[in-house]
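Working notes for the structure below.
The values are calculated or read from the model by the stated rules, or taken from the named source; none is laboratory data. As the structure is a prediction and not an experimental result, all values here were calculated from the model. No Cβ is skipped: glycine too gets one built from the backbone with ideal geometry, and neighbour counts run over all protein chains shown.
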């Protein structure tokens, strides 16, 4: 298999991800799940994803579609990179095992389908928050805990964000 084919093999549908997770769990693998836009991949993203991967055996990254990024009202020009470019860049990271695209407002439906062992978000969220209306609530955390999983947060790299990068470019 060529390297580009290997990268593309890590980009899967929700159904294929769920099937793979079932087989991984039979081998007692800890399945880590995180999600985001990952628009312009930077040091902060790479550090966060590497730390997430260290929490288990397999890392699944759920990626917002272009439409769902626009629905978040980050800014009119976002995403900078289209979903296909973002999928390929994420899948090229050696510690990312699967990348799955989702178009809903939140990844809750995907989390329920995949049933990860560990749900991870950045420390701008609160793993102990139980009120879904709170901005710090981690979507899917109640479900993951209900199936015996854990929810964790990872400190973010100070000074690294896509918004900061875009601001520097515009200057």
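Summary of values
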| item | result |
| --- | --- |
| Subset of the stretch 50-59 (residues that are crowded, with 17+ Cβ neighbours inside 10 Å, free of Cβ contacts under 8 Å to residues at least 60 places away in the same chain and out of contact with any helix residue (DSSP H, G or I) (no Cβ under 8 Å at 6 or more places or on another chain)) | 53 |
| From 137, 160, residue being part of a loop (DSSP other than H, G, I, E, B) and closer than 19 Å to residue 50 by Cβ | 160 |
| The stretch 124-150 residues that are at positive phi and crowded, with 16+ Cβ neighbours inside 10 Å, paired with ones that are outside any loop (DSSP other than H, G, I, E, B) and modelled with pLDDT of 95 or more (beta carbon under 6 Å, 6 or more apart) | 140/108; 140/111; 140/119 |
| Residue 113 vs. criteria modelled with pLDDT of 95 or more, out of contact with any strand residue (DSSP E or B) (no Cβ under 8 Å at 6 or more places or on another chain) and not in a loop (DSSP other than H, G, I, E, B) | yes |
| Conditions (1) surrounded by fewer than 19 Cβ atoms within 10 Å (Cβ to Cβ); (2) at pLDDT below 95; (3) in a loop (DSSP other than H, G, I, E, B): number failed by residue 79 | (1) |
| Single match in 62, 18 (criterion: touching a helix residue (DSSP H, G or I) at 6+ places or on another chain (Cβ under 6 Å) and crowded, with 21+ Cβ neighbours inside 10 Å) | 62 |
